[in-house]
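*Asks:* Got a structure for you, written out below as structure tokens; questions coming shortly.
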Amino acid sequence: MDREELQQTLTELRHDLLGLDGEAARLRDAPWLPPWERLLRRMDGLIARLEREDEPLLVVFAGGTGAGKSTLANTLAGSAVAATSARRPTTSVPTVIGRPGDLDTVLRRGVLAAEAERAALRTAPLESVPEGLVVVDAPDVDSVETANRAATERLLEVADVWVWLATARTYADEAGMVYLRQAAQLDVSTLVVLTQASDAEAHEILPDLAEKLDAAGHRTVETAHLPTAPVSGERLPESVAGPVLERIRALAPAEQRAAHRRRTVLGAVRYLPAEVDALLEAVDSERAAARGLAATVEEDYADVPQRVLTQLHEGEPLRREVLRRWTELVGSGWLQRQLHAAVGQLSPRRWLAWLPLGRGGRQVEQEAKEEARAGIAEMLHTVLEQTAAGVESAWQQEPVGRAIFARGPRPRAAGSVARRADAEALVAAWEQQVAEHVATIGRAKLSWARRATTGINATFTSAVLVLFTLSGGLSTGELALTAAGSTTTHTVLSRILGERNVHQLITDIREDLHNRVAELAESEAQVYHRLLTVAAPSPEAVDAVRARRDALAGEL
């Protein structure tokens with residue numbers, strides 16, 4: 001592809017990379033954020049170079065502490081513009097050296113514009129530097145200061161040429177070889193300068209260094225020896241540094257700049273698919289972790305309806321005193337007389353004669369119904385509370401989950417899940433549905449009751465509600481009713497409504513409760529799912545990056 005097509009492709013890839021949502025990633029400290037930022041910086045540099053082919057060549061002096069970077073930079077500049085000292089690290093702020101016009105170009109509009117905005121840069125405008133070259137004296141890559149290392153890494157990512165300085169003692173250290181392998185991957189023009197070594201040492205070290213650079217993957221890399229010499233005015237004698245400086249000055253002519261820039265751009269572009277693959281692998285890992293958290297939510301909340309019914313069957317929803325009084329009431333025949341009256345088997349005159357006794361029975365009936373309602377609501381609230389606690393505990397075990405909770409209060413603490421009021425409202429609405437079932441399932445038998453009084457229908461509803469609670473939502477066809485009071489209540493209702501109708505009634509209201517609880521559980525699960533929307537990039541964003549990566553690789 002030509003320059004314009006490559007620039008367009010890189011611009012589109014950069015846009016898609018931004019779609020991974022780096023702002024949200026920063027909030028959760030995503031593990032893929034550093035390579036994502038590196039990739040964007042590299043692409044910014046590539047796009048800038050393609051937009052401005054005549055931009056000065058950026059040469060970065062880098063290496064370990066005490067290797068002589070600042071001294072060599074001062075020697076090139078012809079004056080002490082970069083600080084030198086026995087203190088380590090000496091260079092904490094990058095020094096940018098070049099002609100005034102060249103500095104203006106790279107700092108305001110070029111490859112160093114972003115770095116100039118985010119970090120302090122010391123500038124040294126000098127006419128002594130060849131036109132078309134901008135040299136940066138970077139902080140030590142092995143600095144104890146993290147900010148210093150980070151600044152140098154950013155500079156190396158946008159450099160056209162690396163001048164790497166290493167001493168006889170440190171040239172083979174892994175701390176430096178990591179960067180030199182990176183230069184090989186990007187195919188950056190690199191000059192490795194051996195310092196603080198005698199001629200005899202250099203004669204032995206330079207071949208070994210060349211082998212190590214070849215093993216690191218460098219296709220073409222130059223090496224040089226900078227002999228030890230007295231330093232005056234923070235500079236080396238020109239006679240000593242001259243051969244190395246001439247190699248650097250030789251980069252200034254337009255054709256040399258174009259050749260090195262072309263090599264830098266093409267090398268970086270060839271490596272982009274591998275960088276994008278590494279980034280997407282890290283993103284996929286985070287997405288897999290987020291899917292794991294989502295699965296935990298789905299599995300735990302899917303079990304809520306059955307857990308409620310199980311706890312209802314295994315628990316004691318009515319207080320013993322209320323249960324005792326209800327059992328006595330049923331055993332006294334009160335409930336049966338009330339229900340017979342409801343279906344017209346007793347005349348209104350005889351039914352009204354029982355009102356004094358009925359008022360006491362009504363009180364027990366009301367207490368039992370309220371206890372049943374409260375018991376089911378409490379069990380539901382308990383299950384929702386346990387489910388939310390289990391989800392949050394599982395999330396806390398995972399880095400993605402901890403990052404989500406670090407952004408704000410947890411749903412339980414915020415009161416957005418497991419609300420007692422929601423459980424009570426659900427059971428109240430369900431109770432209304434129970435009343436409608438009671439009013440319709442034995443429609444012919446209950447017709448007189450609907451004409452006579454809603455209180456009689458309420459007795460049916462109370463009896464059904466208590467039966468459901470005591471039996472744990474199970475009918476005699478499914479499980480023997482052994483709970484105190486449930487068998488007699490079931491018997492009375494069956495005599496009035498019919499065994500089949502009672503069985504259908506219990507089945508219907510159990511299903512209705514199950515569905516209502518499932519709906520509430522799903523709404524609470526969605527609270528956690530919404531938190532996961534910013535836990536990892538969306539599938540669409542990842543697919544867009546992968547498609548653009550494949551298109552780029554196909555053109556190389």
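The values are calculated or read from the model by the stated rules, or taken from the named source; none is laboratory data. All values derive from a computational prediction rather than experimental measurement. All Cβ positions, glycine included, derive from the backbone under ideal geometry; neighbour counts span all protein chains shown.
*Asks:* Residue under question is Ala274, and the condition is that it be in contact with a Pro (Cβ under 7 Å, 6 or more places away or on another chain), at pLDDT 90 or above and among the small types (Gly, Ala, Ser); does it hold?
*Replies:* Working: in contact with a Pro (Cβ under 7 Å, 6 or more places away or on another chain): no; at pLDDT 90 or above: yes; among the small types (Gly, Ala, Ser): yes.
Spelling it out, it is not the case that Ala274 is in contact with a Pro (Cβ under 7 Å, 6 or more places away or on another chain), at pLDDT 90 or above and among the small types (Gly, Ala, Ser).
*Asks:* Could you check region 1-54 for helices (runs of 4 or more DSSP H) lying wholly inside it with 1 or more residues that are modelled with pLDDT of 80 or more, crowded, with 18+ Cβ neighbours inside 10 Å and outside the structural domain of Ala406 (by TED's automatic domain parsing)?
*Replies:* Working: elements: 3-18, 22-28, 33-51.
So the answer is 3-18, 33-51.
*Asks:* Before we move on, is Ala423 at pLDDT 95 or above, more than 29 Å from Ala288 (Cβ to Cβ) and surrounded by 17 or more Cβ atoms within 10 Å (Cβ to Cβ)?
*Replies:* yes
*Asks:* Just to check your reading of the model, which residue among Ala175, Ala120, Ala159 is surrounded by fewer than 16 Cβ atoms within 10 Å (Cβ to Cβ), within 20 Å of Leu107 (Cα to Cα) and at pLDDT below 90? Don't jump to the end; show me each part of the working.
*Replies:* Working: Ala175 fails: within 20 Å of Leu107 (Cα to Cα); Ala159 fails: surrounded by fewer than 16 Cβ atoms within 10 Å (Cβ to Cβ).
Result: Ala120 is the single residue among Ala175, Ala120, Ala159 that is surrounded by fewer than 16 Cβ atoms within 10 Å (Cβ to Cβ), within 20 Å of Leu107 (Cα to Cα) and at pLDDT below 90.
*Asks:* Could you give me the residue pairs with C-beta distances under 8 Å whose first residue belongs to region 174-198 and is among the small types (Gly, Ala, Ser), whose second residue is at pLDDT below 90 and in a helix (DSSP H, G or I) wherever it lies, and which are 6+ apart or on separate chains?
*Replies:* From region 174-198, the pairs are Ala183/Leu156; Ser189/His260; Ser189/Arg263; Ser189/Thr264.
*Asks:* Sort out which residues of region 512-556 are surrounded by fewer than 17 Cβ atoms within 10 Å (Cβ to Cβ) and within 30 Å of Met1 (Cα to Cα), and write them in order of number.
*Replies:* Pro539, Glu540, Asp543, Arg546, Ala547, Asp550, Ala551, Ala553, Gly554, Glu555, Leu556
*Asks:* Out of curiosity, is Thr75 polar (S, T, N, Q) and modelled with pLDDT under 85?
*Replies:* Values: polar (S, T, N, Q): yes; modelled with pLDDT under 85: no.
Criteria not met by Thr75.
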